[in-house]
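The values are calculated or read from the model by the stated rules, or taken from the named source; none is laboratory data. Keep in mind the model is a prediction, meaning the values are calculated, not measured. Counting neighbours? That spans all protein chains shown, and the Cβs are built from the backbone with ideal geometry, glycine included. Surface areas here come from the heavy atoms of the whole protein model, side chains and all, with no ligands, DNA or RNA. Shrake-Rupley method; radii C 1.70, N 1.55, O 1.52, S 1.80 Å.
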Amino acid sequence: MVASMKVLHIVKTAVGANWAYEQVRVLCSLGIEVVVALPSDTEGLAPKYREAGAAVVRANLDLPAREPWRIPATLRACRQLVADVRPDLIHTHHVGTTFIARLALGKNSPIPRIFQVPGPLHLEHSFFAWLDISLAGPRDSWIAVCESIQEKYRLHGVAPHRVFLSRAGMRAIQVRTRKNDKLRRELGIPLDAPVIGMVAHIYAPKFFLGQTRGVKGHEDFIAALALIKKMRPDVRGLIVGGSWQKSGVWYEKRLHSLGERICGSGVIFLGNRTDLDDVSGIFDLSVQPSHSEAVAWSVAELLQRNIPIVATSVGGLPEIIREGETGWLVPPRNPPAIARAVLEALANPKEARRRATQGRELARHLLDVEKTGREVAAIYEEILVPSPDSRVVSTGEQRDCTDSKPAQHSKIAAGATGQW
C-alpha cells in the first residue's frame, strides 16, 4: 500500500449512494486517508462517513444542468476544494461530479482521477458517452461496476488498461423469518394472496435522453401485473419507493393513476421506506423491470433475503440474475414476458426457492464489500505506482480486479480519448 495515501471522494448526494459510504468505510479501515465531499456535512450519511474515519467537507459539486449560470461558481468551488485537500487521487461517483472535476481541473491535471461508473445510462447515448471520454485526460481512469459497463467503454475505444472492474459492494444481510402477517393485515392483503414486489426509486423520464417512461420500468411492472391478474386474480402488486426528487412528483402521480386504471386495488404504492427487511417479508417474488441498470442494490438485498427475482436482461443484471440458475431473465420493455416469468415462478415455488438460494450465495460472493473495498485500494495503488507491465497502450488485458473469474483479454487498438 502506498504510504500516506490521501483520496478525495466526490459524491453528489448525502442521502443516497450507500455504496459509496460502504466503500469508504472499508478504505478507512485499510489505513487510507479519505476526505468525502458531500452537499451537506450534517444530513443523511454524513455522520456515518465520519464514524467510519473519513473527513467530511460540505461541497455541492454536481453539475447544475438545470441552472447553468451556476457552473462557473461550481468549478471555482471544486478547484478550491482540491487546493485545500491536496489529495493524491480524486475518486468521483456520478456523471455530474465527474464532469465538474474534469472541467475544473482540466485534462492535464497532475492529480490522477478515477470515475467509478455506477450505471450505463450515459454510455447508452452517444453524446454523453462522447462527453465522458472527450473530457478525460491522460491521468483519468474508470472503475466499471459491472462487466457490461466495462465492455461499453471498450466499444467506445477506451484503452483497456484504463478501465478497471470492481462491483459496488454491500454487507451481508442476515436472513430473518420472512413471514409478515401484520403488514398484510395493515394493507388489506389476504394472508394467502401471492404478493409480487418491486423495489426502486421512481425516476421521472429524462426527456433530454429521449425517454418517455422512467428508467426503472414501473409502467412495465404495472402492465405485467394487469396481465397476471387475468390468470391469477388473487395476486397483489406492491411498489416500494417514491420520487427521488421533488421534480418527479408529477410522474409518480401518473404511475398511481395508471395503476388504479388498469389494476384497481390490485397494486399498492408504499412510497419510500426504510424497513425493507419488514416489507419484503410479505413478498413471494420481486420484479426488477429496469430499462438500464448496473447491478441494482435492491436486487442484491432481496436475493440475500431469499426472495426469488424476475429481472430484465439489461446492463449488469444478467451477471447476478442468471436464467435457470439464480432467477428469471426477460427482455426489457416486455410486460407479457414479465407476466409469463412471474406466473411460472408462482406455479413452481420449490424451483423459485432453489434459484433464490443460489442467487443469495452469488450475491454474497460478488458484492462482498470487504472484498470490493480491497479491490479499489489495489486499483489506487496501481494508478499511483503502476507496475512496469500494466501500462500497455496498443493492446492489453482488460483490467479486472475481481476474483470472480480470470481476467478477460481483448485485442483492441487504443482509442481516443452514472449514473447521473
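Sites listed here are trypsin sites (Lys or Arg not before Pro) in the stretch 220-293 whose DSSP assignment is loop and whose Cβ has at most 15 other Cβ atoms within 10 Å: ARG273. Can you tell me the relative contact order of the stretch 105-187? Whole percent, Cα pairs under 8 Å, sequence separation 6 or more. Dividing the mean separation by the residue count of the stretch 105-187 yields 29 percent.
Would the stretch 151-225 count as rounded, prolate or oblate if I go by the C-alpha gyration tensor, calling it rounded below 1.5 in a/c and otherwise prolate when a/b exceeds b/c, oblate otherwise? Working shown, then result.
Values: a/c = 3.88, a/b = 1.67, b/c = 2.33.
Verdict is oblate for the stretch 151-225.
Here LYS206 and GLU344 are evaluated by their C-beta separation; at R0 = 41 Å the FRET efficiency comes out at 0.80. Amide hydrogen proximity for GLY44: with H placed 1.01 Å from N in the peptide plane, no residue at 5 or more positions away or on another chain lies under 5 Å. In this structure the amide hydrogen of LEU89, modeled in the peptide plane, comes within under 5 Å of the amide hydrogens of LYS6, LEU8, none closer than 5 places in sequence on its chain. Taking all protein chains together and rolling a 1.4 Å probe, PHE207 ends up with roughly 130 Å² accessible. Between GLN174 and LEU131, the modelled label-to-label distance comes to 4.5 nm, taking each label 7 Å out from Cα in the direction of the beta carbon.
Taking a ≥ b ≥ c as the square roots of the Cα gyration tensor eigenvalues, the stretch 1-152 comes out rounded, since a/c falls below 1.5.
Just to be sure I understand: of the beta bridges DSSP finds with both ends in the chain, what percent are antiparallel, rounded to 5?
On the way: 2 of 46 bridges.
DSSP beta bridges in the chain are roughly 5 percent antiparallel.
Take every pair of alpha-carbon atoms less than 8 Å apart whose residues are at least six positions apart; their mean separation over the length of the stretch 141-300 yields a relative contact order of 29 percent. Couplings 3J(HN,Hα) for the stretch 202-207, derived from phi with the Karplus relation 6.51 cos²θ - 1.76 cosθ + 1.60 (θ = phi - 60°), are 9, 9, 5, x, 8, 5 Hz, where x marks Gly and Pro. Rounded to the nearest Hz, the phi-derived 3J(HN,Hα) couplings of the stretch 211-228 under the Karplus curve 6.51 cos²θ - 1.76 cosθ + 1.60 (θ = phi - 60°) are 7, 10, 10, x, 5, 7, x, 4, 4, 5, 4, 5, 5, 5, 4, 4, 5, 4, where x marks glycine and proline. Taking 0.36 nm per residue of separation and subtracting the Cα-Cα distance, full extension of the segment from HIS256 to ARG58 would add 67.6 nm. Coupling constants for the stretch 255-265 follow from the phi torsions by the Karplus curve (6.51 cos²θ - 1.76 cosθ + 1.60, θ = phi - 60°), and in residue order they are 5, 4, 5, 4, x, 5, 6, 10, 10, x, 7 Hz; glycine and proline get x.
Considering only ALA59, ASN306, VAL376, and ranking their Cα positions along the charge dipole of the chain that arises from unit charges at the beta-carbon of Lys, Arg, Asp and Glu, the one farthest toward the positive end is ALA59. For the pair GLN80 and ARG273, the difference between a 0.36 nm per residue extended length and the Cα-Cα distance amounts to 65.8 nm. Remark on GLN288: its backbone amide H falls under 5 Å from those of VAL310, ALA311, THR312, a criterion applied only to residues 5 or more positions apart or on other chains, H modelled at 1.01 Å from N. Remark: accessible surface ordering of MET170, MET231 (largest first) is MET231, MET170, probe radius 1.4 Å.
Determine the calculated [θ] at 222 nm for the chain from helices alone, applying -39500 (n - 2.57) to every DSSP H run no shorter than 4 residues and normalising by the residue count; nearest 500 deg cm²/dmol. All intermediate terms of the calculation are to be shown ahead of the outcome.
Values: 15 runs with 162 residues, N = 420.
After summing the helix terms and dividing by residue count, I get -11500 deg cm²/dmol.
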